[in-house]
């Protein structure tokens, strides 16, 4: 674990993602996919990219609780500006893509994000 | 090296050994001395010994020591029939004395050498200032050992009290009311707990566990209860998270502890809650967990996450 840190900017073109807040220069060492907050609280490792369709404020709280580095919203879902502001305050990078979670997961796997 | 080895040995001497070097004859002796004059009869000295429960009486003229009459001298006088003679006729002269500034270790050596039961004690002006026996030395040592022991105990208690108040001084209490259905404010206590723990440099894993407990406990109140309160108390040893609500209570706690079992409605599920993992998550992250619930008083959750010192085994 932690052996392979991949910078977000290396992932962005393939998953066709835009940065909503934060720096794409930071790296992630794994990925977790879930739309259930408690599941993320239970299983996500710190320092990962979390992929979800949930755009509610609690995503930020959960990400902060688990020291998750970045969150990718899929299916063209767009969080409220107040949520983006809160993520910025908490130092969490927010990304957004029109891909489905499945498509995004496939791309991320191809790019070498395999933990 | 040998010199060092000797030094470390010297440091191992007992408190009693240190005391016999520190304490002086004047600290242990009986004073003022019970004395008699050269003209007093041996019979009156016998009565004095009996009354004072002593076995030897220095004979003085003014402050000067002239001689000593011991119990043995009295017995001999009774035996030989001169008990009504004056002290100066039979007292031992050229008495061996100790100085009041001698260390006790030297006094003990003098007792060993001379086998007397007592020594008159003179100060540096040759004035008689006291009498010392082996019993006086033992009593003095016991008294000082007791005082040292009491000081050590008091010091220990002081340290304990300081530690306790230190713990209190470092205690932070985060308290917040939690309203039913208030999904927008979920995680407020959790966030504050995380801040405090981060500021204190607490191990991130412990910080995350405490934050998960606080977050899940908070969302449980929001989703399932009619409202309540969450209190997180952080000190130097542990994080205690207490969540109390006014009802309606958990019908079956055992069932609620099972992963995947949920009574959450549609809205919270759409928001990503109600996975049936809240209580299992809390349990997994707690070092100690107590839940009591009934439909009259609601639910009370008490969780503790221990703060392990760096380097301690997990």
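Tabulated data for the structure shown
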| quantity | calculated |
| --- | --- |
| Qualifying positions in region B:224-249 - crowded, with 23+ Cβ neighbours inside 10 Å and over 21 Å from residue B:170 (Cα atoms) | B:224, B:228, B:243, B:245 |
| Lone qualifier among A:52, A:74, A:65 - being touching a helix residue (DSSP H, G or I) at 6+ places or on another chain (Cβ under 8 Å) and farther than 18 Å from residue A:100 by Cα | A:65 |
| Residue selected from region A:57-76 under the condition more than 13 Å from the chain's Cα centre (by Cα) and surrounded by fewer than 22 Cβ atoms within 10 Å (Cβ to Cβ), by the criterion nearest to residue B:268 (Cα to Cα) | A:57 |
| Odd one out for residue A:114 among (1) more than 8 Å from chain B (Cβ to nearest Cβ); (2) surrounded by 15 or more Cβ atoms within 10 Å (Cβ to Cβ); (3) part of a loop (DSSP other than H, G, I, E, B); (4) at pLDDT below 95 | (2) |
| Residue check for residue B:296: over 30 Å from residue B:200 (Cβ atoms) and surrounded by 13 or more Cβ atoms within 10 Å (Cβ to Cβ) | no |
| Single unsatisfied condition, residue A:36 versus (1) in contact (Cβ under 8 Å) with a residue 12 or more places away in the chain; (2) closer than 21 Å to residue A:103 by Cα; (3) within 10 Å of another protein chain (Cβ to nearest Cβ) | (1) |
| Subset of region B:88-129 that is touching a residue at least 60 places away in the same chain (Cβ under 8 Å) and part of a strand (DSSP E or B) - its residue that is nearest to the chain's Cα centre (by Cα) | B:103 |
| Meets criteria (more than 25 Å from residue B:202 (Cβ to Cβ), within 14 Å of chain B (Cβ to nearest Cβ) and crowded, with 17+ Cβ neighbours inside 10 Å) for residue A:51 | yes |
| Wholly enclosed helices (runs of 4 or more DSSP H) of region B:17-86 bearing at least 3 residues in contact with a strand residue (DSSP E or B) (Cβ under 8 Å, 6 or more places away or on another chain) | B:25-28, B:42-52 |
| Wholly enclosed helices (runs of 4 or more DSSP H) of region B:183-277 bearing at least 2 residues under 43 Å from the mean Cα position of the chain (by Cα) and within 13 Å of another protein chain (Cβ to nearest Cβ) | B:188-199, B:204-224 |
| Number of positions in region A:82-106 that are away from chain B (no Cβ under 14 Å) and part of a helix (DSSP H, G or I) | 7 |
| Filter result for the condition that a residue is assigned by TED's automatic domain parsing to the domain that holds residue B:178 and in contact with a helix residue (DSSP H, G or I) (Cβ under 7 Å, 6 or more places away or on another chain), over B:218, B:242, B:296, B:270 | B:218 |
| Those residues of region B:283-302 which are within 19 Å of residue B:208 (Cβ to Cβ) and either without any contact (Cβ under 8 Å) to a residue 12 or more places away in the chain or within 14 Å of another protein chain (Cβ to nearest Cβ) (or both), in sequence order | B:283, B:284, B:285, B:286 |
| The listed residue being out of contact with any helix residue (DSSP H, G or I) (no Cβ under 9 Å at 6 or more places or on another chain) and crowded, with 19+ Cβ neighbours inside 10 Å, out of A:96, A:43 | A:96 |
| Verdict on residue A:109 being away from every other protein chain (no Cβ under 14 Å) and in contact with a strand residue (DSSP E or B) (Cβ under 9 Å, 6 or more places away or on another chain) | yes |
| Residue in region A:8-17 that is under 18 Å from residue A:104 (Cβ atoms), more than 10 Å from chain B (Cβ to nearest Cβ) and free of Cβ contacts under 8 Å to residues at least 12 places away in the same chain present | yes |
| Residues of region B:268-282 satisfying the condition of being out of contact with any strand residue (DSSP E or B) (no Cβ under 7 Å at 6 or more places or on another chain) and in contact (Cβ under 8 Å) with a residue 12 or more places away in the chain | B:268, B:271, B:273, B:274, B:275, B:276, B:277, B:278, B:279, B:280, B:281 |
| Selection count where residues are in contact with a strand residue (DSSP E or B) (Cβ under 6 Å, 6 or more places away or on another chain) and either part of a helix (DSSP H, G or I) or buried (at least 18 other Cβ atoms within 10 Å of the Cβ) (or both), scope region A:9-25 | 5 |
| Among (1) more than 14 Å from every other protein chain (Cβ to nearest Cβ); (2) closer than 24 Å to residue A:39 by Cβ; (3) within 38 Å of the chain's Cα centre (by Cα); (4) in contact (Cβ under 8 Å) with a residue 60 or more places away in the chain - the single one residue B:307 does not satisfy | (2) |
| Residue within region B:156-173 that is surrounded by 15 or more Cβ atoms within 10 Å (Cβ to Cβ) and within 35 Å of the chain's Cα centre (by Cα) present | yes |
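The values are calculated or read from the model by the stated rules, or taken from the named source; none is laboratory data. Predicted, not measured: the structure shown is a model, and the values here were computed from it. Please note: Cβ atoms are built from the backbone with ideal geometry, for glycine as well, and neighbour counts cover all protein chains shown.
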